[in-house]
Amino acid sequence: MMIREPLIFDISGTEKKAFSMPELDVPERKDLLKDIPSREEIEDFPQISEIEIVRHFTRLSKTNYCIDEGFYPLGSCTMKYNPKVNEKVAALDGFTSSHPYAALDVNQGNLEVLKTTEKLLQEITGMDAFTLQPSAGAQGESVGMMLIRACLEDRGDPRKIVLIPDSAHGTNPSSAHICGYQVQEVKSNESGTIDVDDLVKMLSEEVAAVMITNPNTLGVFENDIKRIADIVHAKGGFVYMDGANMNALLGICRPGDMGADVIHLNLHKTFSTPHGGGGPGSGPVGVKKKLEPYLPVPLIEQNEGIYSFNYERPKSIGRVRAFYGNFLVVVKALAYILSLGAEGLKEVSEIAVLNANYIRKKLEGIYHLKYSTPALHECVFSDKFQKKYGVQNLDIAKRLIDLNIHPPTMSFPLIVHGALMIEPTETESKRDLDMFINAMQQIAEEAREDPKILKSAPHKSYVRRLDETYAARNPILRWQPTQE
Amino acid sequence: MNYISLSDKDKKEMLDEIGISTVDELFTSVPKNIKLKRLLDVPAALSEPELVDKLREIAEKNKNAGLLSFLGAGAYQHYIPAVVDYLSSRGEFVSPYTPYQPEVSQGTLQVIFEFQTLICQLTGMDIANASLYDGASGAAEAVLMANRLTRKEKILVASTLHPQYRQVIKTYTRNLGLSIEEIDFVNSGKIDTEQLAKKIDEETAAVVCQSPNFFGIVEDIQTISNIAHKKNALSVCVVSEPISLGILEPPGKLGADIVTGEAQAFGMPLSFGGPYLGFMACSKKYLRQFPGRIAGQTKDVDGKQGYVLTLSTREQHIRRERATSNICTNQALCLLRATMFLETLGKCGLRDMATHNLYKADYARQKISEVKGVEARFSGTSFNEFVLSFNRPWVEIESSLREKLIIGGYDLQKDYPGLKNCALFCVTEMHKKEDIDKLVEILDEILRQ
Amino acid sequence: MYPEDYYYTKDHEWIKIEGNKATVGVTDFAQKQMGDVVYVELPEIGTKLKFHKSFGVIESVKAVSDVYAPVSGEVTEVNEDLNDAPEILNEDPHKKGWVIKLNIEDKAELEELMSLSDYEKFLEGLED
């Protein structure tokens, strides 16, 4: 068993340092400190040597599981391989050392990156315009909903309601709420898609938009999407499409051709930029012409080869963050698109779907599949067969950790109890897929033969099952000097 | 180049297993009338060497190489110790998802816990979260939080808050019925506290100010907080240049209830504005309305200490439309860099870096003020930025500086029409004395003409 | 298990009536569904509750549940013990884990409540 790496504060000494400043080459005016409320020292701040820092973080890093290490079938998160060349180009000095407020002629390369990426995303999605400002998917969602609201207000009535399928990701209702909308849930039918009759009943002149994830969180393509869009449009509403699952559709079909008015993408999912343990991401928003006037400022324009920012956008919703978005993330996504080309992009989705269907076929019958509808890039099983042995999805997930595989998503979709949402992505080898399938078969067998081994899993990890109830009842959210 | 790992033989075996003969058959659920009947119109695929050439060519269109820059205004150039780039590029940090499975994410979780602690120590607050997108959205989240806590709808915002942060607050609140009013500044460059005292009332949810403010001047947080508290409003302090916290009294000790801001200065390169790192800290009693992810300490079944994401009932994946924020993915890798940066600099290093900024900016301000045709606009004490007022239009001076390979300050007139011919300059520890002397000399030359 | 002299709702609250006063909590079924309770958001004393409207929130590690008023009335007391020890709600939901006390405003609303035998039948119906 590995020894727990202590907190930096517990190994901090006195007078140790890992960094020193050059000699000060201007007058030292200590009197200035008297004019402002200044502090003597930062109490308990770390003091440690460089090798100790390096070992601290190296040891900590070894306790993380990551895509570079192995299979990571976290459904809806699109944990594909992150190409290393993308990191290399994003680290080019021309990009990293550019100040966001430097004059336009100094930053033409950056504007070219943004404009080129916008155009490529337009072609890939069939939308008319993009903003790359949103920092992540959820911020993209709220921008999308703000655009819809701004356009409806312009028409005289913002309306009140947003319809969201019960299979949706939690950020959807949360984003709609931030824009001042009431959320109403649309039921899924027995094939796991939107119940169009239910939707029609709920539609009215009060409905501002319907938020649809396509393929939905079951991996199922909403094949009535065009009809749904027509019905919603006929009532004067908008169709928001959550592009979190765009990895299934590259070069196959485009949201813009299905009737979506506004979409967001996650560059840190479909477009291969690393997740970094939870960000930074990037959540570009694409719109049809009618919503373009409302996009955040500034827009990038190109005239005779010169790029510039346009701030004269009277109908714009404004800004949602400072500067122009998570720029370096955009650089990585651009590099990814350029390295794949049209055929490569299509192959991404084809193989992502092939891999998911292969897993589904191999595990069908061993794990319960609530919806037998054909699915695309992910498959959602449940723990129903294993429940009779007292085994839940969480136990299956934790046992996978012992087998050196990252668990699937379990927290949603809410319409599948005990969900195991598996998204292999296109980058996995057949060897890794088979290793996962074997692991899942072994676990199903263990559930029958020796459920205890699952209930107490993981056994081999750095820490074992952690007490989340204790953490929530007695929140310890920072190191304290009194702590021993 | 693609990143597929299946051979044709693998594909064939897998298709056979599924019981179909082509991949196309997997897409029958996509109706024909919306299927794309052509290839996407994107440039031909590039090999790795071609790709690097292409991106390098674009990067070189940025003409920043060899320029001496005095730009700050919310994005700061500071030295980044080598260990930060080295350690933060490890795949174990770069390539995992959000730490939903704590047993295989202790590294990320412990780093978050250390970051939360460091932010609390710097700001003087009880609790901190695991980052927000950036300083601007942090300021907006703080406003929304104050509205939830006080159930009041009037927000007073300092005009000395970063102009883009003010714009973001407006965007975030536009559909929620909040009213935003601005407080002017006075000749010291600080906000007009008399006007604040007049404008504030019992309907006010929060007073939002920045320190050091957009002009680089240290605001009187204690006075502002006292005014806010008298009317049961919250005092929100925004910090966009957090190196200043190495020497400034923490806002938490000066009455601030929520401290939020931008931590780009802690190890993030300028990168044309992102990714950066929003942070937020507050008093323990506001925990339930605190947005964003939080790591907490706990123990495993064997009693071994460990960390988990906790109090997640505040968040969108559980509370859905009633969540404290819709934030999901945040800026974890930037948080990691900031943690490495702060732990490497340590107690003395951060203080030294902060004092160098203070002294160098002061030296620059003094020297430039001696030049004829330019003067310091405000009298208040500043940290590493200061406002210069010129005797002719700033754009003329800016272009003359550019000819001498200097990127001058930030043009203030577009955001503050009253600050005619004024520009904001930033001097950090990255500027040597000769850089500053060069600026002074060239300004002198320009203004003599 | 479930006290006989209590009344019950479809949202799994229980109510114990003593004249014009009532004590309200959530049932054992509800606490089992929620799992380990970590936080209870209580209303302020004096709050006027409306029939069937949410008056508080119970949080477990991974779920948030509203608590609805079984009858209209004014809150006279809240169970402060739940602030420090929310686990009481799991350990003793029908007694020590009570949530609020209130003055009943409209006795006619009591007609809507279920008796123990009705509630038990209702629970049986819920099982898959």
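The values are calculated or read from the model by the stated rules, or taken from the named source; none is laboratory data. Bear in mind the structure is a predicted one, so any value in this text is a computation, not a measurement. Quick reminder, even Gly has a Cβ in these numbers, built from the backbone with ideal geometry, and neighbours come from all protein chains shown.
Before moving on, here are some points about what is shown:
- For the range A:318-336, the set of residues classified as under 17 Å from the mean Cα position of the chain (by Cα) and closer than 8 Å to A:GLN133 by Cα consists of A:GLY325, A:ASN326, listed by residue number.
- A count restricted to the range B:158-177 and to residues that are away from chain A (no Cβ under 14 Å) and without any contact (Cβ under 8 Å) to a residue 60 or more places away in the chain stands at 1.
- Selection count, the range B:397-449, where residues are of a type in the set (Gly, Ala, Ser) and touching a residue at least 24 places away in the same chain (Cβ under 8 Å): 4
- Of all residues in the range B:55-66, at least one satisfies being assigned to a helix (DSSP H, G or I), under 30 Å from B:GLU434 (Cβ atoms) and at the interface with chain A (Cβ under 7 Å from one of its Cβ atoms).
- A:THR63 satisfies every condition listed in (1) buried (at least 22 other Cβ atoms within 10 Å of the Cβ); (2) touching a residue at least 40 places away in the same chain (Cβ under 8 Å); (3) in contact with an Asp or Glu (Cβ under 7 Å, 6 or more places away or on another chain) except (3).
- Criterion: in contact (Cβ under 8 Å) with a residue 12 or more places away in the chain and over 15 Å from the mean Cα position of the chain (by Cα) - qualifying residue of C:ILE45, C:ILE58: C:ILE45
- Residue in the range B:374-394 that is in contact (Cβ under 8 Å) with a residue 24 or more places away in the chain, in a strand (DSSP E or B), crowded, with 20+ Cβ neighbours inside 10 Å and charged (D, E, K, R) present: yes
- Residue selected from the range A:6-28 under the condition under 25 Å from B:LEU109 (Cα atoms) and more than 7 Å from chain B (Cβ to nearest Cβ), by the criterion farthest from the chain's Cα centre (by Cα): A:GLY13
- Selection within the range B:286-335 - under 18 Å from the mean Cα position of the chain (by Cα), at the interface with chain A (Cβ under 7 Å from one of its Cβ atoms) and assigned to a helix (DSSP H, G or I): B:ALA332, B:LEU333, B:CYS334
- Each residue in the range A:184-205 was checked for being touching a helix residue (DSSP H, G or I) at 6+ places or on another chain (Cβ under 8 Å) and either among the β-branched types (Val, Ile, Thr) or in a helix (DSSP H, G or I) (or both), and 5 pass.
- Condition check for B:VAL186: β-branched (Val, Ile, Thr), out of contact with any strand residue (DSSP E or B) (no Cβ under 8 Å at 6 or more places or on another chain) and away from chain A (no Cβ under 11 Å): yes
Residues are listed down the side, and each one gets a yes or a no for (1) modelled with pLDDT of 95 or more; (2) closer than 25 Å to B:ARG166 by Cα; (3) of a type in the set (A, V, I, L, M); (4) not assigned by TED's automatic domain parsing to the domain that holds B:THR150:
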residue: B:MET268; (1), (2), (3), (4): yes, yes, yes, no
residue: B:GLY273; (1), (2), (3), (4): yes, yes, no, no
residue: B:TYR276; (1), (2), (3), (4): yes, yes, no, no
residue: B:PHE279; (1), (2), (3), (4): yes, yes, no, no
residue: B:SER283; (1), (2), (3), (4): yes, yes, no, no
residue: B:ARG288; (1), (2), (3), (4): no, no, no, no
residue: B:GLY292; (1), (2), (3), (4): no, yes, no, no
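- Scanning the range B:1-24 for residues that are outside any helix (DSSP H, G or I), under 18 Å from A:THR425 (Cα atoms) and of a type in the set (A, V, I, L, M, F, W, C) yields B:MET1, B:ILE4, B:LEU6.
- For the range B:27-51, taking the residues that are touching a helix residue (DSSP H, G or I) at 6+ places or on another chain (Cβ under 6 Å) and outside any loop (DSSP other than H, G, I, E, B), the one that is surrounded by the fewest Cβ atoms within 10 Å (Cβ to Cβ) is identified as B:GLU48.
- Test: residue in the range A:124-132 that is at pLDDT 95 or above, in a helix (DSSP H, G or I), touching a Leu at 6+ places or on another chain (Cβ under 8 Å) and within 7 Å of another protein chain (Cβ to nearest Cβ): yes
Residue by residue, here is whether (1) touching a strand residue (DSSP E or B) at 6+ places or on another chain (Cβ under 9 Å); (2) of a type in the set (Phe, Trp, Tyr); (3) modelled with pLDDT under 95; (4) over 30 Å from A:GLY344 (Cα atoms) holds:
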{"residue": "A:MET421", "(1), (2), (3), (4)": "yes, no, no, no"}
{"residue": "A:GLU426", "(1), (2), (3), (4)": "no, no, no, no"}
{"residue": "A:ASP432", "(1), (2), (3), (4)": "no, no, no, no"}
{"residue": "A:ILE437", "(1), (2), (3), (4)": "no, no, no, no"}
{"residue": "A:PRO451", "(1), (2), (3), (4)": "no, no, no, yes"}
{"residue": "A:ARG465", "(1), (2), (3), (4)": "yes, no, no, yes"}
{"residue": "A:ALA472", "(1), (2), (3), (4)": "yes, no, yes, yes"}
{"residue": "A:PRO481", "(1), (2), (3), (4)": "no, no, yes, yes"}
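- Test: residue in the range C:8-26 that is within 14 Å of chain A (Cβ to nearest Cβ) and over 14 Å from the mean Cα position of the chain (by Cα): no
- From the list A:GLY140, A:GLY156, the lone residue that is without any contact (Cβ under 8 Å) to a residue 12 or more places away in the chain and more than 8 Å from chain B (Cβ to nearest Cβ) is A:GLY156.
- Selection status of B:LYS35, closer than 23 Å to A:LEU340 by Cα, among the basic types (Lys, Arg) and within 44 Å of the chain's Cα centre (by Cα): yes
- Of the criteria (1) modelled with pLDDT of 95 or more; (2) buried (at least 22 other Cβ atoms within 10 Å of the Cβ); (3) assigned to a strand (DSSP E or B), which one C:GLY56 fails: (1)
- Restricting the range A:236-294 to residues that are aromatic (Phe, Trp, Tyr) and farther than 30 Å from B:PRO96 by Cβ, the residue that is farthest from the other protein chains (Cβ to nearest Cβ): A:PHE238
- Residue in the range A:34-57 that is farthest from the chain's Cα centre (by Cα), counting only those that are in a helix (DSSP H, G or I) and within 7 Å of another protein chain (Cβ to nearest Cβ): A:ASP35
- With respect to being among the small types (Gly, Ala, Ser), within 19 Å of the chain's Cα centre (by Cα) and either part of a helix (DSSP H, G or I) or at the interface with chain A (Cβ under 7 Å from one of its Cβ atoms) (or both), B:GLY107 falls outside the description.
- Of all residues in the range A:164-183 being part of a strand (DSSP E or B) and crowded, with 24+ Cβ neighbours inside 10 Å, the one that is nearest to the other protein chains (Cβ to nearest Cβ): A:ILE164
- Residues satisfying the criterion are absent from the range A:140-155 (criterion: β-branched (Val, Ile, Thr), modelled with pLDDT under 95, farther than 29 Å from B:ALA73 by Cβ and not assigned by TED's automatic domain parsing to the domain that holds A:LYS370).
- Pick from the range A:308-333, criterion over 19 Å from A:GLU292 (Cα atoms) and outside any loop (DSSP other than H, G, I, E, B), ranking: farthest from the other protein chains (Cβ to nearest Cβ): A:ALA333
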